[in-house]
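Below: the structure, in structure tokens.
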């Protein structure tokens, strides 16, 4: 079991290794996590009931950047999705209502789907390496940083659009960006060694979220904000102390 055990063989539902392989392909494209999960959850729930209509595969393929999926890659992806639908209908669905409640191993059909998806992902990343290695991580980093972190319904719905609320959103957004930058870049400044190590850890963590994880949620960056407050306090305190010495 790895450090991020979301997908495991024997899962009694959606979170099996094939689902992880679909996510590896989708995050190469730069698909948002919520869009991906919506497409896969809808397709899974339908397939469990043996509804294997093509529109579910269409919803997944629509996550790919427009014009960046070749005809062969689209056909291969659609074929892998269809095979996954059949697996859910013919193999997993009966197992879920059996005494065992699941299939405890990765089946032969799942292994075939995994191999197909890994091949498609590797080929697509090789052809669109700049998009995969640079554009998507930078876009995810922007999504992590450039928001207000005001999650309550009244902020996002009831009061949204009102002048005072928009002012609060901009102020909160700027503060959010400043704290993340402070946490991630304080190790480059003259701060105490323990804080420098914490900052370096934050930088590595944010890099992991942007480049490896990609399907980010606001709660993932919450621990970094606390460290950002401490880093900002030390940076401002150091600046004030140096200013006093020069007077």
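Here is a yes/no grid of residues against (1) without any contact (Cβ under 8 Å) to a residue 60 or more places away in the chain; (2) farther than 18 Å from residue 36 by Cβ:
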residue: 66; (1), (2): yes, no
residue: 73; (1), (2): yes, no
residue: 90; (1), (2): yes, yes
residue: 96; (1), (2): no, yes
residue: 105; (1), (2): no, yes
residue: 109; (1), (2): yes, yes
residue: 112; (1), (2): yes, yes
residue: 118; (1), (2): no, no
residue: 131; (1), (2): no, no
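Checked against (1) surrounded by 14 or more Cβ atoms within 10 Å (Cβ to Cβ); (2) over 22 Å from the mean Cα position of the chain (by Cα); (3) under 29 Å from residue 141 (Cα atoms), residue 31 passes all but a single condition, namely (2). Do we find that residue 47 is in a helix (DSSP H, G or I) and under 18 Å from residue 74 (Cα atoms) in this structure? So residue 47 does not fit the description; no. Of all residues in segment 94-126, those satisfying the criterion of being assigned to a helix (DSSP H, G or I) and loosely packed, with under 12 Cβ neighbours inside 10 Å are 94, 108, 126. Counting the residues of segment 201-219 that are closer than 18 Å to residue 172 by Cα and in contact with a helix residue (DSSP H, G or I) (Cβ under 6 Å, 6 or more places away or on another chain) gives 0. Among the residues of segment 160-171, write down those that are touching a helix residue (DSSP H, G or I) at 6+ places or on another chain (Cβ under 9 Å) and at pLDDT 90 or above. Residues satisfying the conditions are 165, 168, 169. Residue count for segment 139-162 satisfying the condition of being within 22 Å of residue 182 (Cβ to Cβ) and loosely packed, with under 13 Cβ neighbours inside 10 Å: 3.
The values are calculated or read from the model by the stated rules, or taken from the named source; none is laboratory data. All values derive from a computational prediction rather than experimental measurement. Cβ: placed from backbone, ideal geometry, glycine included. Neighbour counts: every protein chain shown.
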